[in-house]
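Participant: Could you have a look at this structure, given as structure tokens, before my questions?
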Amino acid sequence: MNMIYHKFPILVLLFFPLFLLAEGLPKEKRPSTLFFQVDGGKIAYTQIGSGKKNFILLPGIGDRKESYAELANLLARDGNVYSFDLRGLGESDVQFNSYGPKETALDVLAFIRKKNLNDVYVIANSMTAASAVYIQSKERKRVLGLVLSGPFVRDKEPLSFGLKALLHLSFRGPWGPSAWAAFYESLFPIQPPKDIEDRKKELKTNLKEEGRMAAIRSMLFASKKECEVELNEAKGNHIIVMGLKDPDFSSPEEEANWIRSTIGGQVFLYENGGHYPFVEEPNRFYQDIQSLWQKK
């Protein structure tokens, strides 16, 4: 060990030119952010890939389009991949009058129609699973399938006054972004991503921007009723992916099976998965959902 430390200055001199070269190498680039104008503001998104099929990726409450980076790169082999920030979050504007699953659905519907997209597959997580249901119910010819992960597609029992007050207190004030980042980490109970600390840091940085925590609070209390009533209009080609360790559900398997019985499709249960199976096991997730567009 002492010999290694003794030789360290010599090694630095030998490899110093390589260090300089490495500094000049191009770093992995994130896709450029694009913007789509809707009533009330601009929605941020990225686009990679090419082809006939179109994949629309919607994150859950408080999350950002970058959460889908690994899956988006895999999907780019099969078609165009559009990864979205929800209104009020990521790089999207914050001056909207309302936030919630129907608002997200209306933003995406406007995008699909403006871009005249066909052969669309919507991949949604958490709250935006309800948005995906609404989107398909209104564009059944364009939207050929849904992938719903950690999905909330219906309202459960109303929150008690005490829980509402606690949520407001937890996610308001200067501690709000840190509280949300800690909550985000808790949704990976078994296998958090290796870059969880970087993800939390980027979330906190984003949520410190004015208006973003207010958007989260609005989404937390937004009703899914207007999306839930469309469940019967969204039957067809679906995949439901649920982590069996997802702390957001008292019985993840029961909820996944209820969704399947309501709208049809296949269920995939991830034994050690939490609320974000596409982050925890992106390759497995990609393999599981390909049956939507790769018919045998």
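Participant: So residue 229 ticks every box in (1) exposed (fewer than 14 other Cβ atoms within 10 Å of the Cβ); (2) within 19 Å of the chain's Cα centre (by Cα) but one. Which box is left unticked?
Facilitator: All conditions are met except number (2).
Participant: Here is a further query. Among the residues of the stretch 247-284, write down those that are assigned to a loop (DSSP other than H, G, I, E, B) and under 22 Å from residue 74 (Cβ atoms).
Facilitator: 265, 271, 272, 273, 274, 275, 276, 281
Participant: Separate question: Across the stretch 38-48, which residue is least open to solvent (accessible area, probe 1.4 Å) among those that are touching a Phe, Trp or Tyr at 6+ places or on another chain (Cβ under 7 Å) and closer than 24 Å to residue 281 by Cα?
Facilitator: Across the stretch 38-48, the extreme among qualifying residues is 45.
Participant: How many residues does the stretch 190-217 contain that are in contact (Cβ under 8 Å) with a residue 60 or more places away in the chain, over 19 Å from residue 245 (Cβ atoms) and within 17 Å of the chain's Cα centre (by Cα)?
Facilitator: The number of residues fulfilling the criteria is 7.
Participant: Here's a follow-up. Name the strands (runs of 3 or more DSSP E) wholly within the stretch 49-131 that hold at least 2 residues that are without any contact (Cβ under 8 Å) to a residue 40 or more places away in the chain and surrounded by 23 or more Cβ atoms within 10 Å (Cβ to Cβ)?
Facilitator: Ranges flagged: 79-84.
Participant: To continue, here is another question. Looking at residue 268 and the list (1) open to solvent by 30 Å² or more (accessible area, probe 1.4 Å); (2) touching a residue at least 40 places away in the same chain (Cβ under 8 Å), which single condition is not satisfied?
Facilitator: The one condition residue 268 does not meet is (2).
The values are calculated or read from the model by the stated rules, or taken from the named source; none is laboratory data. Values in this document were obtained by computation on a predicted structure and should not be read as measured data. As a convention, Cβ positions derive from the backbone with ideal geometry for all residues, glycine included, and neighbour counts pool all protein chains shown. In case anyone asks, the SASA skips ligands and DNA or RNA and just uses the protein heavy atoms, side chains included. Shrake-Rupley method; radii C 1.70, N 1.55, O 1.52, S 1.80 Å.
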